[in-house]
Each structure stands twice: as structure tokens, then as C-alpha cells.
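One structure is given below, encoded as C-alpha cells.
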Amino acid sequence: MTGCWVGSGEVPVGRALHVEVEVSEEAVLSVRPAVGPPWVPVAQDGDVVVIVGRVERVEDDGVIDFRVGDDVVLLDGTGLLTEVVEGAHVELRVPEVRLYPYEL
């Protein structure tokens, strides 16, 4: 899996971190067939990162609560896919993922 760490200093190995995930504007979000797990939540497909999850909730402002494995990621769905509905399994394909440290 490839990604770009944008924090200062080295990535702390062996520690859980809170991160903000940024994907490039070339992201493609598509609805997958309505099948449940098991699926690999994050995988590499050639030069593309594939993130598969389930839409937990769609907020009025377009933000999607996107379950990826055991975690929920907030995804700004503006311009990605307007017809996504709660409960849908979706696949996000992106050429690059950037990880920023995030403190709660």
C-alpha cells in the first residue's frame, strides 16, 4: 500500500495514530453490488489505491460517514457521487493518498 506521510518528522512505527486522510481530486467513487463482508477495506490495484466501505450516514452538507473496516471516515462527498445512499457499499479509487497527523 502506498501513501504519502505529510507530518513533520518520521512516522512512528508500531503506534496507532489519528490521521486526516486526503485523497486527490481525481477520486472516483462508485456503488458496488450490495454484498457484505468479507472484503479487503484498503488495497493496491496497480497505481491506484482502492478503499471499500459502507455508507453509514449522509449528512445534509454532503459529508458521508464511510465505514472502512472497524473505523468510520468522514468523506466530503461533494462532487463525488450525489446518489449515494445510507447502507450502500461503495468503492473509492484514488491515485494518491496523503496522511496528515491529527490530534483529538
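Observations, loosely collected:
- Model label points for residue 68 and residue 11, set 7 angstrom from Cα along the Cα-to-Cβ axis, are 1.3 nm apart.
- Net charge over other residues, Cβ less than 12 angstrom from the Cβ of residue 72 (K, R count +1; D, E count -1): -1
- Pairwise label distance in nanometres, residue 21 with residue 98, each label 7 Å out on the Cα-Cβ vector: 1.6
Every read-out reported here was derived from the displayed coordinates using simple, explicitly stated rules and does not represent laboratory data. Keep in mind the model is a prediction, meaning the values are calculated, not measured. All Cβ positions, glycine included, derive from the backbone under ideal geometry; neighbour counts span all protein chains shown.
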